[in-house]
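To keep things clear, I will list the structure first and then write my remarks on it.
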Amino acid sequence: MAQSGIDPRAFRNALGQFATGVTIVTACGPGGERVGATVSSFNSVSLDPPLVLFSLDKRAYSRAIFESSTHFAVHVLSLEQKELAQRFAMRGSDKFAGLPCGGGLGDAPILDDCAACFECETRHQYDGGDHVIFVGEVKRFNHVAGAPLVFHGGAFAEARLLSGAPIDAAVDESTGRFGPDFVCYLLARAHFQTYRPLAVEFARVGITETEYFVLSMLCIRDGLTYASLCELLEHTGHAPSREDLGAMVSRQLVSVAAGDAGVIHITESGRQTYIVVLSMDGRIANQAVLGFSPREIAELAGYLKRVIQNTAAGTPDVWTYQKS
């Protein structure tokens with residue numbers, strides 16, 4: 001029993017009912033020593049000036065470094081970074097071994113792919129019982145959308161938005177205005193923001209948009225007739241003309257058997273060209289779902305498939321298409 005008369009374990013269990021985010025706070029000492037600790041006692045203090053705080057156990061090995069450093073960095077962890085939180089919660093190990101880290105303000109180590117990062121200049125240190133409270137002024141920060149890692153009841157947890165939250169998806173046909181949650185606007189904006197960087201890659205690799213669609217389709221289903229290829233690409237607005245196809249043959253991106261109904265095959269050169277673009281596509285996709293949990297990615301894919309199904313209007317499904 002503590003001097004206060006309060007049972008420390010029961011008090012800790014009660015505090016555990018308050019769900020918090022999970023952060024890793026890092027700093028660099030005068031001699032270049034890098035330290036980091038998993039901390040859930042992080043909070044905002046002020047918006048103007050931008051101040052945040054965290055508290056550190058006085059028994060922590062890293063305490064002296066944090067007290068002597070001029071800067072620290074607070075990393076808010078995403079749902080998929082539970083193992084990283086566990087690593088920095090351990091004592092007596094090289095927590096940075098094998099981790100790619102950049103150098104932030106005051107040489108504080110910067111961890112990759114976190115939900116948010118706040119680089120701070122240390123402003124105040126206060127005694128807080130068995131903890132030291134550090135207050136820092138945020139000098140720069142970054143963040144991405146995604147699910148945060150949560151700590152509740154002594155265990156890591158997942159936060160989900162409550163269903164039934166108010167949305168503004170209204171469309172006013174008399175004025176042409178629509179709300180920020182209008183689904184067609186969101187789908188279109190997401191499309192443009194993910195597709196435009198890819199279009200830049202087309203020009204760099206030396207293919208047209210139509211050629212990209214043709215190569216993409218033939219990588220999925222090689223050996224299509226011209227009619228089948230056009231049917232599968234009609235909904236994109238990039239069904240190739242005979243001239244388009246002739247240009248691809250001359251550049252050895254595809255080959256076509258003799259005759260109007262000749263079967264079209266992607267060449268090895270065409271496949272390698274497409275793979276270069278596909279690698280960029282993959283990087284764009286990874287950025288788009290940065291911070292999403294595997295469950296959220298699966299749910300997003302499911303919702304998009306439902307949108308596609310609801311708006312298909314007879315569009316052939318590439319993966320089940322029967323060649324004519």
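Every read-out reported here was derived from the displayed coordinates using simple, explicitly stated rules and does not represent laboratory data. Just so it is clear, the model here is predicted, and its values are computed rather than measured. Virtual Cβ from ideal backbone geometry, glycine too; neighbours counted across all protein chains shown.
Using the alpha carbons of the range 185-239, what is the convex hull volume per residue in cubic angstrom, as a whole number?
That works out to 87 Å³ per residue.
How far, in degrees from 0 to 90, does helix 183-205 lean away from the longest principal axis of the Cα atoms of the chain, to the nearest 10? Tilt of helix 183-205: around 70 degrees.
Gain on full extension, evaluated as 0.36 nm per residue between VAL263 and ARG123 minus their Cα-Cα distance, stands at 43.3 nm. Protection proxy ranking of 114-125, 32-43, 58-69, by the mean of other Cβ atoms within 10 Å over each peptide's residues and highest first, is 114-125, 32-43, 58-69.
Mean projected area of the Cα convex hull of the range 8-158, taken over all directions, amounts to 8.8 nm². A simple spin-label model places the labels of CYS219 and ILE167 3.2 nm from each other, with each point 7 Å out along Cα-to-Cβ. Using 0.36 nm per residue and subtracting the Cα-Cα separation, the extra length available between SER93 and HIS143 on full extension is 15.2 nm.
Beyond 12 Å, what share of the Cα-Cα pairs of the range 1-43 is found? Please give it as a whole percent. Before the final figure, lay out each step's value.
Working: 642 of 903 pairs.
Cα-Cα pairs of the range 1-43 separated by over 12 Å account for 71 percent.
Compared with the dominant Cα axis of the chain, that is its longest principal axis, helix 209-220 is turned about 90°.
Report the net charge of residues surrounding ILE24, where surrounding means a beta-carbon distance below 11 angstrom and charges are Lys +1, Arg +1, Asp -1, Glu -1.
+2
Summing +1 for each Lys or Arg and -1 for each Asp or Glu among the other residues whose beta-carbon sits under 13 angstrom from that of THR38 gives +2.
Modelled spin-label separation between ARG9 and GLU231, with each label point placed 7 Å from Cα along the Cα-to-Cβ direction: 7.1 nm.
Its residue count N sets the reference 2.2 N^0.38 Å, and the alpha-carbon radius of gyration of the range 1-75 equals 1.32 times that reference.
Rounded to the nearest 10 degrees, the angle from helix 268-288 to the longest Cα principal axis of the chain is 40 degrees. Expressed in Å, the radius of gyration and Dmax of the Cα atoms of the chain are 27.3, 94.
If you add up the charges near TYR212, with Lys and Arg at +1 and Asp and Glu at -1, over every other residue whose beta carbon is less than 11 angstrom from its beta carbon, what do you get?
Result for the neighbourhood of TYR212: -4.
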